[in-house]
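These notes concern the structure reproduced below.
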Amino acid sequence: MAASTGRRRPPRSRLCGRWASSMRRRFGLWRGITGQRATIRAAKRWPRRSRSSSWRRWASSWTDRGGRHLRAPRAPCATCASGDRGAARGSAPLPYTWRMTAIRVRIAPSPTGPLHLGTARTALFNYLFARHTGGTFIFRLEDTDQARSTVAFEREILDGLHWLGMEWDEGPGIGDEPERGSYGPYRQMQRLGRYTEAADRLLEQDKAYHCYCTPEELEAERNRQEATHQAPRYNGRCAHLTAAERAALEAEGRKPVVRFRIPANRTIAFDDIVRGHVEIDTNALGGDLVILRSDATPLYHFTVVVDDAAMAISHVIRGEDHLSNTPKHILLFEALGSAVPQFGHLPLILNPDRTKMSKRKSETAVADYRAQGFIPEAFVNYLALLGWSTGTEEEILSMAELIERFDLSTVNKAGAVFDRERLEWLNGQWIRRLTADELIDRLRPFMEAELAAGRIDWLPSEGEMRALLPVVQERLPTLSAVGELIGFLFVKEVEPEPALIVPKRWDMPTTVAGLTAARHTIAEVGRVSWEADEIEPPLRRLLEDRGWKAGDLFMAIRVAVTGRTATPPLFDTMVALGYERTLARLDRAIERLGAQAATS
RNA sequence: GCCCCCAUCGUCUAGAGGCCUAGGACACGACCCUUUCAAGGUUGAGAUCAGGGGUUCGAAUCCCCUUGGGGGCACCA
């Protein structure tokens, strides 16, 4: 039994009834309500979660550390990694209080720019985690950077997340209400009082102090440290001022900031859901931390903690760029007397050069992708698969399927380069899965954009679009490609270069002869019936009579009629164009070729 | 400089000590289908699992070191 610890199917957790039943359905395993383990028949087919490395790392740390033998740890919840770890630790010292609380996660963007890809992905992982576990997903606006925050960005972020298909249970932007939820307000600018109040509490307990150093002095100190190759760190000059010293500095007209005392020589340890055990020495934290500016407005590290505590956030799921900041947060949670949430640090999305994705080097605004005709189904699917996979060979997954399969603890640790080609492929896959009505609806704004840009002369009717759909749907990598694909149908004239009309293996006289003959044939059939199936056979007969190759004649017609060398199937295209307009374009092409021949 | 994290095809990934001669997908090549473009099908090339040491009968997998990459260290978020 001991040997199979790592492979054992994790015991059922009360949080994961849904997971357990879905696994039972999928693998036909059954376990009675007594919790007895089913016979293991196909260990290989078990969900990976039961063998996740981070979980194993926890397990080994529990058994090995401190030279103590702990009883075999109970598995964290198979899917949410949030089982009753308190119990599992047995007699091991707890680094902080673990409480079995409701799962509450949040996305806390700052409205200082357009919705960033990375924010969208972090939001998605939080959302999937919340929905998978039946937890609460919260939206909080971190708008304390008043210089850069705007309502336009705020709108864009809200819209962007909604567009991707995420709704939250608490926060602004739900229905018509200004905000919903009983932990509000959800805008930090409306919570300012709480930060100063919290800071006062820390001040009172001497966990924080006033610091009178000016930005210039700090800057000078940093430069000095840099010059001597030391780590930048606050030297604690104001850490122990006497009342008299403070009064003197105040008299100079100095406005103090509030600094939080970072204890020296302490190791902060936490079990990150995606990374496993992490330990960081407090001496590496850069010294005492400013939590309130001299104008009394709070700083990020302080607001997150105060708010996460106040909002009873149970799991902080965020980008890896915050990993090194986590000890500061843990210290603040402790100082504030709050329960420390669990952390899960997601790998970063990378530029092609493997640096953290930035707008300088990559397209980062979700709105831009939307404008380029990516659809949310594909975007969400792609984002979810950046740094995570189901462990199976499934690639195309709807939001509902992602929610069902998502598992935070199997998220990858290494950063992932954003691959636009793969996104485009997924987008094409999802476009093909759209119903006709959906696709027509979604294409409409893109056709309107074509019109506005003057690339087409009028809008197709709903009926025209519907008729075109079968040949269009599988040819669209993005919605915005629609103009390129069928725009020629909605312009008055196409004027292809005569040289383009002449197929590679033909010369100009042959082309004129070919088009003329084809024009007659098409005119004949069209008088009787104007359908793709009717047009093709007589043209094929013509080819046979003249000994021409289909590719040549059809290409000449294609270019004459559409102005392009790549189009949807020719006969469908001509039908969509209409009898008269097809003939008119053929005539015009013949005429222009003739004129060209005469001048050369 | 200090601290932390990471390392499997070009890219996203599977992998949990023997199912690995390392699987899938994107991209790329060829072929089939074909009036072009797509889509689809078949197929190919592409990874000495960053390198080196251990542990083991056996290591992509566990341990150590090295190297490389990334992130963090603000009166930004």
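For the structure I just gave you, tell me whether A:E536 is touching a residue at least 12 places away in the same chain (Cβ under 8 Å), under 53 Å from the mean Cα position of the chain (by Cα), surrounded by fewer than 22 Cβ atoms within 10 Å (Cβ to Cβ) and not in a loop (DSSP other than H, G, I, E, B). So that I can check it myself, show each step before the final result.
On the way: touching a residue at least 12 places away in the same chain (Cβ under 8 Å): yes; under 53 Å from the mean Cα position of the chain (by Cα): yes; surrounded by fewer than 22 Cβ atoms within 10 Å (Cβ to Cβ): yes; not in a loop (DSSP other than H, G, I, E, B): yes.
It is true that A:E536 is touching a residue at least 12 places away in the same chain (Cβ under 8 Å), under 53 Å from the mean Cα position of the chain (by Cα), surrounded by fewer than 22 Cβ atoms within 10 Å (Cβ to Cβ) and not in a loop (DSSP other than H, G, I, E, B).
Would you confirm whether or not region A:140-153 contains a residue that is among the aromatic types (F, W, Y), open to solvent by 10 Å² or more (accessible area, probe 1.4 Å) and within 12 Å of RNA strand B (Cβ to nearest atom)?
Yes, that holds for at least one residue.
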Legend entry - Counted residues, region A:217-250 - those being among the charged types (D, E, K, R) and farther than 27 Å from A:H329 by Cα: 4
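Here's the yes/no breakdown for (1) under 16 Å from A:N412 (Cβ atoms); (2) within 22 Å of the chain's Cα centre (by Cα):
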| site | (1), (2) |
| --- | --- |
| A:L332 | no, no |
| A:A335 | no, no |
| A:I349 | yes, yes |
| A:V366 | no, yes |
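Can you tell me which residues in region A:164-176 are within 15 Å of the chain's Cα centre (by Cα) and open to solvent by 50 Å² or more (accessible area, probe 1.4 Å)? Let's see the steps before the verdict.
Pass one, region A:164-176, residues within 15 Å of the chain's Cα centre (by Cα): A:164-167.
Selection gives A:E167 alone.
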Legend entry - Members of region A:339-355 found to be within 16 Å of RNA strand B (Cβ to nearest atom), touching a strand residue (DSSP E or B) at 6+ places or on another chain (Cβ under 7 Å) and free of Cβ contacts under 8 Å to residues at least 40 places away in the same chain, listed by number: none
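For A:I330, are the conditions met, namely being within 6 Å of RNA strand B (Cβ to nearest atom) and in contact (Cβ under 8 Å) with a residue 12 or more places away in the chain? Reasoning before the result, please.
On the way: within 6 Å of RNA strand B (Cβ to nearest atom): no; in contact (Cβ under 8 Å) with a residue 12 or more places away in the chain: yes.
Taking the combined requirement at face value, the residue does not satisfy it.
For (1) of a type in the set (K, R); (2) surrounded by fewer than 21 Cβ atoms within 10 Å (Cβ to Cβ); (3) more than 7 Å from RNA strand B (Cβ to nearest atom); (4) at pLDDT below 95, each residue gets a yes or a no:
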| site | (1), (2), (3), (4) |
| --- | --- |
| A:I375 | no, no, yes, no |
| A:E401 | no, yes, yes, no |
| A:F406 | no, no, yes, no |
| A:D419 | no, yes, no, no |
| A:Q429 | no, yes, no, no |
Legend entry - Hey, A:L489 within 30 Å of A:A453 (Cα to Cα), open to solvent by 30 Å² or more (accessible area, probe 1.4 Å) and touching a helix residue (DSSP H, G or I) at 6+ places or on another chain (Cβ under 6 Å) or not: no
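Name the residue, out of A:G319, A:G276, A:G287, A:G236, that is more than 10 Å from RNA strand B (Cβ to nearest atom) and open to solvent by less than 80 Å² (accessible area, probe 1.4 Å).
Details: A:G319 fails: more than 10 Å from RNA strand B (Cβ to nearest atom); A:G276 fails: more than 10 Å from RNA strand B (Cβ to nearest atom); A:G287 fails: more than 10 Å from RNA strand B (Cβ to nearest atom).
Sole residue among the options that is more than 10 Å from RNA strand B (Cβ to nearest atom) and open to solvent by less than 80 Å² (accessible area, probe 1.4 Å): A:G236.
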Legend entry - A:V306 vs. criteria open to solvent by 10 Å² or more (accessible area, probe 1.4 Å), within 12 Å of RNA strand B (Cβ to nearest atom) and at pLDDT 95 or above: no
Inset, instruction - Any chance you could count how many residues in region A:539-557 are buried (at least 18 other Cβ atoms within 10 Å of the Cβ) and either of a type in the set (S, T, N, Q) or within 6 Å of RNA strand B (Cβ to nearest atom) (or both)? - result: 2
Legend entry - region A:341-355, residues that are open to solvent by 10 Å² or more (accessible area, probe 1.4 Å) and either outside any strand (DSSP E or B) or in contact with a Pro (Cβ under 6 Å, 6 or more places away or on another chain) (or both): A:L348, A:P352, A:D353, A:R354, A:T355
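Could you identify the single residue in A:V512, A:V482, A:V472 that is surrounded by 15 or more Cβ atoms within 10 Å (Cβ to Cβ) and touching a Phe, Trp or Tyr at 6+ places or on another chain (Cβ under 9 Å)? Before the answer, list the steps.
Working: A:V512 fails: touching a Phe, Trp or Tyr at 6+ places or on another chain (Cβ under 9 Å); A:V472 fails: touching a Phe, Trp or Tyr at 6+ places or on another chain (Cβ under 9 Å).
None of the other options fit; the residue is A:V482.
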Legend entry - Looking only at region A:558-591, and only at residues there that are within 13 Å of RNA strand B (Cβ to nearest atom) and of a type in the set (K, R), the one that is surrounded by the most Cβ atoms within 10 Å (Cβ to Cβ): A:R558
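The values are calculated or read from the model by the stated rules, or taken from the named source; none is laboratory data. Just so you know, these numbers come straight off a predicted model, no measurement behind them. When we count neighbours, we look across all protein chains shown, and the Cβ atoms used for this are built from the backbone with ideal geometry, even at glycine. Surface accessibility is based on the protein's heavy atoms, side chains included, excluding ligands, DNA and RNA. Shrake-Rupley method; radii C 1.70, N 1.55, O 1.52, S 1.80 Å.
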